Structure formats: C-alpha cells, structure tokens
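Undergrad: This is the structure, below, for whatever I ask next.
Readers should treat all values here as calculations from the given coordinates under stated rules, not as data from a laboratory. Because the structure is predicted, anything quoted here is derived from the model rather than measured. Every residue, glycine as well, gets a Cβ built from its backbone with ideal geometry; the counts of neighbours run over all protein chains shown.
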Amino acid sequence: MLKLASDDIVLHVLPDRGGGLMKFEAFGRQVLRPGKGLAPHPTELAGFVLVPFCNRIADGRLPGHAPLKPNLPKEPHAIHGEGWHARWKIAEESANAALLSLDYVPSPGRWPWAFSATQEFRLEGQKFHHTLSVTNQAQEPTPAGLGFHPYFSYRRGDLLKASIKGVWESDEARLPNRHVLIDDEKYWPRGRIDEAATLDHCFTGWDGQLQITRRDITIQVTTSGNLPFLHIYAPAGEAFVCLEPVSHVPNAINLMDAPPMTRLMPGETLSASLTYDVSLT
C-alpha cells in the first residue's frame, strides 16, 4: 500500500487493486468512504479509475469485434474498463506524490486493443490532484474513454451542488435510452439526494465542478475540460454516493444519438484530471 501525505491530507493507494484509493482523509475526516478489508474488491474501495472506457457497454458488444465478457458479478454488461481490475506498477514515489503505470495486453473476451496508462497522485496542502492518461499502443485507431469513480460518504443533511442541463434516462438494463433536458432541482432538489430511491444516470451540460457540504467539511471538485459528463450512482439505503466525472456516456460505442468516444491514433495519448479541494466547514 502506498501512503501519501501533505499538511492536511492523507491518501492510501493500492497499486495491486486497480491502483485504487483505499482511504482519503482531510483534517482527520473521511472524504471518501473507506475501503473494506485487507484485499477489497474494487467496488469495496474508496475509489478507482475508469480506463479505457467508462461505465457499461451493452452486453459487451463492440462493432466488428467479439463481445467483451462480463467483468462484475451479477452484471450482464462489460463495465468500467480494464484498469480497475489490473495490477499497476509504481513508477515514481515521494512523500506526497506517486506515479503508477499499466501496460495492457489484449486477451480473448477483453478489450481488443493494447494500451498503456498512468495515474498521477499529488497532494498539495488541502488539495489532492489526480491525473489519468491512456496511450493507444495498437497499430490502428481505437476508441478511448477516461473517468473517475469515487465513493463519497453521504448522509442525511449533506448537500450536493452540481449544475447540469440534461440527463440520459436509463432503461431496465441500466443503459441510457433517451436524453432529456432537466435541471438539478429534479434529481437533487435543494441539494439533497433522495436516499430512498436508487439513482444511476449520466448527466449532461455539466460545467465540471461539484461541491459536497457536510457539517464538518466542504469538498470542492474541479475537473479538466474533457470530462463533460457526470454519472451519479446513489443506491437506495446506502451511506455513499458515486459522483463520477467521465468523458463519455455509458454504451457510447453503440449509442447512435450520443456523442462518440474519443478516437486515438496509434501512439496518441488522452489525459484527464480532477482536483479535490477540502476545507473545514
């Protein structure tokens, strides 16, 4: 486990578990839901990255290629990419920063194009900067996507501020099927997410910023300009909410009406980042 620290922040990272976050504390408070156990599944971590695609691909269908196998129990679709299950290598490490790397080689039933990826973690005072990059190592152009999947602790009374203009509504298979224009008051009126209903939608027209206000800390998140979608997963009855900045909507590779995934030429790199700025409330 990697342990990084600055004046106000402590970060624990598990390279062998998708390069995921085990713990993220600021001012002695938990910013994200802490990971569980000694060898947690990625869904039991505090957060992980999405590379080289975000969220679901319907039944693993890839145009012109064999379908991807499901990679999450009880989930019929391929989900969240390859990086979250992989073992990442420590390329650089210091007291307050680290660089992880991943070299992916295709195998049957998995993403058919080779790629390399890096994660950079950097702590600075009360800020945590997280950068994710993917490079196309195939001999042909490939689709690519990036995203972040943090599990924010969320309890009654916490406030969410995120400005959006639309949403991709989901069908029974939890896949987007229709885009409609809405505002944030429809899904989190007065800044409060309904804890009795499950939310699993991709929101559009997002400005790349969000804020969570608790009784003890305030968390401001700012992303790079190439993460225009905010996917929110808030299961009913749970004390967390996943606020996921992503580069494309779920199943974008098969969804004709959605903006396409980024297309990378051989050797080309796509990078995205987000910054958590935590302050005492």
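Undergrad: Would you mind checking the pairs Lys3/Lys165; Lys36/Lys74; Lys23/Lys89; Lys36/Lys127 and listing those with alpha carbons more than 28 angstrom apart?
TA: Going by Cα-Cα distance, Lys3/Lys165 fall outside the 28 Å limit.
Undergrad: Quick one: order Leu280, Leu146, Leu274, Leu243 by neighbouring beta-carbon count within 10 Å, fewest to most.
TA: Exposure proxy ranking, most exposed first: Leu280, Leu274, Leu243, Leu146.
Undergrad: Kindly provide the helix-only [θ] at 222 nm of the chain, computed as the sum of -39,500 (n - 2.57) over DSSP H runs of four or more divided by all residues, to the nearest 500 deg cm²/dmol?
TA: It lands at 0 deg cm²/dmol.
Undergrad: Now, a different point. With an 8 Å cut-off on Cα pairs and a minimum separation of 6 or more residues, tell me the relative contact order of the stretch 1-142 in percent.
TA: In percent, rounded to a whole number, it is 21.
Undergrad: Averaging sequence separations of C-alpha pairs under 8 Å and six or more residues apart, then dividing by the length of the chain, give the relative contact order as a whole percent.
TA: Reported as a whole number, the value is 19 percent.
Undergrad: Provide Val180, Val134 in ascending order of the number of other Cβ atoms located within 10 Å of each residue's Cβ, fewest first.
TA: Val180, Val134
Undergrad: Still on this model: What shape does the stretch 2-280 take by its C-alpha gyration tensor, where a ≥ b ≥ c are the square roots of the eigenvalues and a/c under 1.5 counts as rounded, a/b above b/c as prolate, and the rest as oblate?
TA: Oblate, because a/c is 1.5 or more while a/b does not exceed b/c.
Undergrad: Just how far, in whole angstrom, is the stretch 52-81 from the stretch 116-154 if you go by their alpha carbon centroids?
TA: Cα centroid to Cα centroid, the span is 19 Å.
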